[in-house]
Amino acid sequence: MATGESGRRPRVMIIGGGFAGTHAARALAKLPVDVTLVDRRNHFTFQPLLYQVGLAVLSPADIASPLRTMLRSSAHTEVLMDEATGFDLEQRSVRFRSGAEMSYDYLMLATGATHSYFGHDAWEPLAPGLKTVEDAIEIRRRILLAFELAEREMLERGTHPPLNFVIIGGGPTGVELAGAICDITRRFMLHDFRHIDPATSRVILIEGEKHVLANYPEDLSVKAEEQLRALGVEVHTGMRVTDVKPAYVVAGGQRIESAVTLWAAGVQASPLGKLLGVPTDKRGCVIVNATLNPQGHPEIFVCGDLAHVEEKGRLIPGVAQPAMQMGDHIARMIGADLNRQPRPPFHYFDKGDLATIGRLAAVGDVKWPFKGHLSGFPAWVTWLVVHIYFLIGFRNRLAVLSQWIWSYFTFSYGVRLIYGSQALPGWTDKDGVEINPGAEEHDLIASGAHVEISSKTAAAD
């Protein structure tokens, strides 16, 4: 299958340079195939540490690596910065935003997932999610700017709006964000301001399920909630958000004032999966078989967050661990094709789950090399070791480790840089004129561009 013309090396097209795509590209470098990896960004992002960029602990360069650098040792691998916009499955070709069209013998889709606001897309400019470096920089801008605006308002007016940080969603991302915000407000910013006390800010975590970390064993969910409360996080479980406004959210029939609102409640698959024209689930994930192929297309592989894969009656989670394993396994299956052998089915080797909550606080459901539930300091140390190990490149490992050590002993973060607009949804200037970026302005802010406030606000200033 897919051997092409006589003497020609099969072309493997990989769309997506995340965990699955980079693992597949590296493994395929050992086979007699030509590999083209396409991504709309030129870098790989270590997503488990994105929240630390958003909380000014790490720089974006600490958790991102250029794709070309990662794959430069393979003479038969090329990297293109482009975006797929459509497919011709009969002709086995991919159309790109640049206007180019390229053919393939094998196609691998690994474009991941994006935020889901459950039909309330108007909430996105008011409550950004966390999936990309751009998202992390925008979250960092909003959190740091809230303190700067409060300091300015306190000096000019003698008062400021409540410094409430509301996180919607109590999964791993929400828990990590909530704990980290508490850390920086109560430990790392205590002596930075003269007119406000950052420690008086409130961190409010809202989760619709009975417990935070609902997919973890119940005892770990309970311990995670206990550790969050010990850090100072106000945890509200069994509460659904029904509205998000510029300066507040409505949850459980209550209005909760919010200086910064962050979204960690849901994800949906990349829209690219639906362009294949094959069956998908309600999240837009492509339904695939045991060899990660959509029905009727053995030449197409789908993996990572974009794949709906069931094993032993359970859905394999869309996290980094199975994505890496899927990428490696796809290379093994293509190798089996080249050797005219049957493809081995994919089996997920679950090594467990870890979630950090804050300084010296974490929980872990460990399944390899031993089985057990960890919490507190042991889980935190395990989390540190695992994430340092899986970071790409010695330079990134050294930079992250040194920054963590420095922050641990000095209570100092060194990446508190604010880019873009000095506006936050719901905040007002000294004359009471609301500064409320609309969706168009939000897009510019997220891209790092400088955005001027409205002419009305400018005139008032």
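The values are calculated or read from the model by the stated rules, or taken from the named source; none is laboratory data. Because the structure is a prediction, the values reported are computed rather than measured. As a convention, Cβ positions derive from the backbone with ideal geometry for all residues, glycine included, and neighbour counts pool all protein chains shown.
Here are a few things to note about the model shown:
- Scope the stretch 107-116; condition crowded, with 18+ Cβ neighbours inside 10 Å and under 17 Å from the mean Cα position of the chain (by Cα); matching residues: A110, T111, G112, A113, H115
- Near pairs, Cβ below 8 angstrom, 6+ apart or cross-chain, from the stretch 178-193 (more than 23 Å from H236 (Cβ to Cβ)) to any residue that is among the basic types (K, R) and surrounded by fewer than 21 Cβ atoms within 10 Å (Cβ to Cβ): R187/R359
- When residues of the stretch 344-361 are limited to those that are in a strand (DSSP E or B) and in contact (Cβ under 8 Å) with a residue 60 or more places away in the chain, the one surrounded by the most Cβ atoms within 10 Å (Cβ to Cβ): I357
- If you check H373, H329, H308 for being outside the structural domain of D281 (by TED's automatic domain parsing) and either in contact with a Cys (Cβ under 9 Å, 6 or more places away or on another chain) or at pLDDT 95 or above (or both), only one passes: H373.
- Test: residue in the stretch 143-157 that is of a type outside the set (S, T, Y), in contact with a strand residue (DSSP E or B) (Cβ under 9 Å, 6 or more places away or on another chain) and within 12 Å of L55 (Cβ to Cβ): yes
- Residues of the stretch 44-62 that turn out to be among the charged types (D, E, K, R) and either farther than 30 Å from F188 by Cβ or surrounded by fewer than 20 Cβ atoms within 10 Å (Cβ to Cβ) (or both), as a count: 0
- In the stretch 271-283, residue farthest from K312 (Cα to Cα) [restricted to those that are at pLDDT below 95 and touching a helix residue (DSSP H, G or I) at 6+ places or on another chain (Cβ under 8 Å)]: L272
- Residue count, the stretch 200-232 (criterion: in a strand (DSSP E or B) and of a type in the set (A, V, I, L, M, F, W, C)): 4
- Scope the stretch 280-310; condition over 18 Å from the mean Cα position of the chain (by Cα), surrounded by 15 or more Cβ atoms within 10 Å (Cβ to Cβ), not in a strand (DSSP E or B) and not β-branched (V, I, T); matching residues: L292, N293, H297, P298, E299
- In the stretch 63-80, the residues that are within 30 Å of S402 (Cα to Cα) and surrounded by 14 or more Cβ atoms within 10 Å (Cβ to Cβ): I63, A64, S65, P66, L67, R68, T69, M70, L71
- Among the residues of the stretch 258-271, those that are surrounded by 16 or more Cβ atoms within 10 Å (Cβ to Cβ) and either without any contact (Cβ under 8 Å) to a residue 12 or more places away in the chain or not hydrophobic (A, V, I, L, M, F, W, C) (or both) comprise S258, T261, G266, Q268, S270.
- Meets criteria (of a type outside the set (D, E) and over 18 Å from K223 (Cα atoms)) for G313: yes
- Test: residue in the stretch 46-53 that is assigned to a strand (DSSP E or B) and either over 30 Å from R140 (Cα atoms) or among the hydroxyl-bearing types (S, T, Y) (or both): no
- Filter result for V235 (touching a residue at least 12 places away in the same chain (Cβ under 8 Å), assigned to a strand (DSSP E or B), in the same structural domain as P172 (by TED's automatic domain parsing) and among the hydrophobic types (A, V, I, L, M, F, W, C)): yes
- For the condition within 29 Å of G238 (Cα to Cα), in the same structural domain as P125 (by TED's automatic domain parsing) and surrounded by fewer than 16 Cβ atoms within 10 Å (Cβ to Cβ), R314 does not qualify.
- Members of the stretch 372-390 found to be free of Cβ contacts under 8 Å to residues at least 12 places away in the same chain and either loosely packed, with under 13 Cβ neighbours inside 10 Å or under 27 Å from A20 (Cβ atoms) (or both), listed by number: G372, V385, Y389
- Unmet requirement for P294, which otherwise passes all of (1) of a type outside the set (D, E, K, R); (2) modelled with pLDDT of 95 or more; (3) out of contact with any helix residue (DSSP H, G or I) (no Cβ under 7 Å at 6 or more places or on another chain): (3)
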